[in-house]
Structure formats: C-alpha cells, structure tokens
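The values are calculated or read from the model by the stated rules, or taken from the named source; none is laboratory data. Since we're looking at a predicted model, the values are computed, not measured. Positions of Cβ are backbone-derived with ideal geometry, glycine not excepted, and every protein chain shown enters the neighbour counts. Surface accessibility is based on the protein's heavy atoms, side chains included, excluding ligands, DNA and RNA. Shrake-Rupley method; radii C 1.70, N 1.55, O 1.52, S 1.80 Å.
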Amino acid sequence: MRIAEIYLDNLAHNIAQIKQNLRPGVKICAAVKADAYGHGAVRCAKKAVECGVEFLSVATVGEGIKLRKAGISRPILVLSLCDKSEMRSLVKYNLTPLVGDAEYIDLIEAAAKKFFKSQKNSAKKTNEKFAVHLAVDTGMGRIGCLPHEAKDLAKKIALSQILSLGGICTHFASADETSKKYRDYAQSQYEKFSLAINSIRTEKIDAGIVHCSSSAALLDRPEWQFDMVRPGIILYGYCAGKITQKYLSQKGIRFEPKPVMALVTSVSAIRHFAKGESVSYGCTWTSERETKIAVLPIGYADGLLRRASPGLEVAINGKKYPVRGRICMDQCMAEIGMKSDAKRFDRVVIFGPKESGALCTAQDLSDAQGTISYEILTSVSKRVKRIFI
Ligand SMILES: *Cc1c(COP(=O)(O)O)cnc(C)c1O
C-alpha cells in the first residue's frame, strides 16, 4: 500500500491565507502544472475554483486539455511554449498561451484563424478574439521578449483581427532569496517590467491583466502584485526558498500554510535481526545489536528519493524510526528496535501535515536531502494513488 492523501481543506486554508495577503481586487492564478505539484490537477483545480481562484496555470497543452475535459472553464495559462503540432489544440480548448516573439505570435494567430474558419458554419459565431499574454524576459532568461521589444509586440497583438492582448507578465529569477544581491536583482527585474508596461500604455494599448509574482514575491513584495499573482508552492503548504514563515513573520506578514499532501504506506512485514546482519543492496547498514526491522512497500519508483537514506525517518504510531540501508525501487526498511509495538499493516507516514500522523514535512525532507519541497512533491509518482480527503 502506498498512497498520497490530499487534504483539500488544507488547500482551501492556504488559498484563504494567500487572500489575506493580497491587495484588494488582485486575482489569483493557481499553478496546477505537473499534476498540481503531484497533488492531482483536476481535484485541486476544482477546489481552487470553488475557493474563488480566477485563473489556473499549467505547463503543457496536455495538462490544459485534461482540465477542460474535466469541465473546468476558467482561463488557463500555458506557462511553457508549445510545439507547432499542439497549437490547434491550444486554440480548440481555449488555453491561453504566453507569447514572446513575432514568429510565435504569427504561428498562434495562423492556428487560431484556421481553427475558427473550420468552426464557422457549425458553431455560433462570436466576435471574441483569442487572448494571449505577452511574456517579458526581464532576467529569468527563459521565455519572453526583451523589455524594449514589448511595445511593438503588444501593438502587433492589439492590431490583430484574431488575437487580443489578455495580459502581460514576467517571472522572477531570485525572488525567493533574501540577500541584498538577489533582492537587487529582483528589483531590477521589476523595474524593467514596469518600463515595458509603461511603453505599451503610452501607445494607448490596453496591456490587459498585469502579473509577475509567484509564491515568494507575492508575500515578500506585496507592492508587486499588480492585477494578478501566480502562486504555486504555497497553495500546497510550503514556503518558497528563503521566504519562510519565520522570515515573513519578522516582517509582520502573517502566513501559516498547511501541507496538503501526506505520503503514506503500511508495514508489510516485521523482521527479526540478530547482531551483525545487513540490510538492502550493497549491505551498507549492519545491525549492531539484536533488533527488529519493518519492511515498507515504498521505494524510489514511488518518489522516495534514493538519496534520502541514510537520514530518512518515518512515523509509525506517533514515533519516528530511521530507514536503514539503501532505498530500493519498490521497498525500503526501517529499524523499529526490540521495544516497538509496531506491527504488520500499521500505518506509516513519510511526510505530511500533522493531522496525517506525520512527524515531518516535505520541507524537512528537502532540507535534509539538499533539494526543494517542489522536487519532493513532484517526485511522488503515478503509481502512488491519490486519495482526496
Ligand atoms: C511554476 C510557476 C509559478 C509558480 O511558482 P511557485 O514558486 O511555485 O509559486 C509562477 N509562474 C511561473 C511562470 C511558473 O513557471
């Protein structure tokens, strides 16, 4: 048994916590890419919409289609560029692309024109244009036009018969850091973005919805919220990088997120070990005394990163036990000692919110493993059944 329990009430709680920190009228675009950071995109998106979230964002056209097929009708931003072969679907499912160069805009326009033409006689005709958001690369070095190119591209979109400028955005490279160097960098990105917006507005072009802040910036830099914010990780109960709860509270910002996912398994066997017996591949751990080992049916193919052991501890009946030896593809072993009352089929929690019985969070695991909570959460694989609570 290996399951990911998804506490949807905690997702709602986190959205309420975000709202408390938004200036009036600021919209939320909830990032549900990568299957909602491993939590299950459809159920999380539905819950988020129920909580009043106006926009959703995904990474790929396929992820957007999945939401549309589940009946979600809110605007969906596609945060990565798509392939030419995906453009028809992008239009068909009314997904909103980020665009950042003339060639890409032309391709999207052509795909939209072709699609609307093919629909002309069947569907009722509307004069609505296909909205795109202009991405400005202010220093992330990923997608988007350079700030000085924004004006002409905005004009191109605004003059199109097919497309409309639904918004303009940028993405920060270091908003989750607190040192001066990184804060200055984010500040310079914000200033470049502001210049780009102004250059569009001086042409009397409506820039649409202006947005730039993901989890870190929206809490740390409320003055950068513009018309919309794009939280991801904080929806799922974790802070972004160095913008921790403690850091925020020192700044007088109240933010108390709750983890949404618990990774759970159960004891599949209890084994008795004499002194000097070893556990798992490579025999990297050998018992120093007589002990008992609980075999757990969860491994790296489930998302329990192999590098987590040694160091990983799991919770059984409110107590912490260390995983011994290497984590296998499908199983791992925890030492429970001679005195433990743990028995076969007992619930084992790897990480999660307190109410799941967990004694650590994905943040604790990521700190110990030299990664970020995002990676711990998105590593939980398909084989792990999501159960919504
Ligand atoms: C993933 C992503 C977000 C959300 O980031 P978090 O750090 O999880 O809040 C926002 N905007 C863009 C462009 C993204 O790719």
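Numbers below:
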| quantity | calculated |
| --- | --- |
| Rh by Kirkwood over Cα pairs, then Stokes-Einstein D for region 70-117 at 1.306 mPa s and 10 °C, µm²/s | 142 |
| Length-normalised contact order of region 1-142 in % [C-alpha pairs under 8 Å, at least 6 apart] | 17 |
| Backbone HN-Hα couplings from phi across region 155-161 [Karplus 6.51/-1.76/1.60, Hz, Gly and Pro as x] | 4, 4, 5, 5, 7, 5, 6 |
| Listed pairs Lys47/Lys69; Lys113/Lys156; Lys33/Lys120 exceeding 22 Å between Cα atoms | Lys33/Lys120 |
| The chain, relative contact order [Cα under 8 Å, separation at least 6], % | 18 |
| Heavy-atom surface of region 1-125, accessible at 1.4 Å and reported per residue (Å²) | 47 |
| Volume per residue that the Cα convex hull of region 1-45 spans, once the total is divided by residue count, Å³ | 79 |
| Sequence-distant lysines (8 or more away, or on other chains) whose Cα lies within less than 19 Å of Lys339 | Lys275, Lys292, Lys319, Lys320 |
| Amide H partners (placed H, <5 Å) of Val210, local residues excluded | Ile168, Asp227, Met228 |
| Flagged links, alpha-carbon separation over 21 Å, of Lys129/Lys204; Lys66/Lys385; Lys19/Lys129; Lys27/Lys382; Lys155/Lys204 | Lys19/Lys129; Lys27/Lys382 |
| Using alpha carbons only: equivalent-ellipsoid semi-axes of region 136-259, gyration tensor based, whole Å | 30, 15, 11 |
| Calculated [θ] (222 nm, deg cm²/dmol) that DSSP helices of n ≥ 4 give over the chain, each run adding -39,500 (n - 2.57) | -9000 deg cm²/dmol |
| Region 156-208: trypsin sites (Lys or Arg not before Pro) in DSSP coil with no more than 11 other Cβ atoms inside 10 Å | Lys204 |
| Set of aspartates and glutamates near Lys151 by C-alpha distance (under 15 Å), chain-local residues within fewer than 8 positions excluded | Asp101, Asp137, Glu203, Asp206 |
| Segments 1-7, 285-291 sorted - mean Cβ within 10 Å per residue, highest first | 1-7, 285-291 |
| Phi to ³J(HN,Hα) by Karplus 6.51 cos²θ - 1.76 cosθ + 1.60 over region 362-367, Hz, x for Gly, Pro | 4, 5, 4, 5, 5, 4 |
| Potential extension, Met1-Lys92 segment - 0.36 nm per residue separation minus Cα distance | 28.8 nm |
| P(r) weight above 32 Å for the chain, C-alpha pairs, percent | 42 |
